[in-house]
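Shown next, in structure tokens, is the structure this report addresses.
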Amino acid sequence: MPLRLLIAARGEAGPEFYATSQKHIAAWAKQTGVKHVILHSSVGAGASRAVYPKLMLPFMNATLRAKEEGETALMASGVTY
């Protein structure tokens with residue numbers, strides 16, 4: 001996979017940015033022998049969804065799902081996080 005730099009300013013990318021970028025980071029880390037990736041999660045993504053304010057879910061659901069998808073890709077990659 002060729003190295004591609006993904007840059008997006010806040011508000012210029014849709015929620016899919018989170019899933020796509022994290023999948024690329026996980027793949028690059030595995031291919032290049034990175035030993036540890038720091039996973040900076042978001043409240044409401046993954047296991048923390050239960051504590052996210054229910055009133056905000058309709059507004060943030062797509063973003064939180066995309067972040068969860070990206071985090072899951074990193075966790076499944078085999079790279080320590």
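The values are calculated or read from the model by the stated rules, or taken from the named source; none is laboratory data. If you're wondering where the values come from, they're calculated on a predicted model, not measured in any experiment. Because the Cβ atoms are built from the backbone with ideal geometry, glycine has one as well, and the counts that use them run over all protein chains shown. Side chains are part of the model used for accessible areas, which takes the heavy atoms of the whole protein and leaves out ligands, DNA and RNA. Shrake-Rupley method; radii C 1.70, N 1.55, O 1.52, S 1.80 Å.
Figure legend. Inter-residue proximity from segment 19-34: first residues closer than 17 Å to ARG65 by Cα, second residues open to solvent by 50 Å² or more (accessible area, probe 1.4 Å) and in a helix (DSSP H, G or I), beta-carbon distance below 6 Å, spacing 6+ or different chains. Indicated pairs: ALA19/GLU69.
In segment 39-81, of all residues being among the β-branched types (Val, Ile, Thr) and either closer than 19 Å to ALA29 by Cβ or touching a residue at least 40 places away in the same chain (Cβ under 8 Å) (or both), the one that is surrounded by the fewest Cβ atoms within 10 Å (Cβ to Cβ) corresponds to THR80.
Here's a check for you: in segment 15-38, which residue that is out of contact with any helix residue (DSSP H, G or I) (no Cβ under 6 Å at 6 or more places or on another chain) and not in a helix (DSSP H, G or I) is least open to solvent (accessible area, probe 1.4 Å)? Filtering first and then ranking leaves GLY33.
Within segment 1-45, the residues that satisfy the criterion of being of a type in the set (Lys, Arg) and at pLDDT below 90 are ARG4, ARG10.
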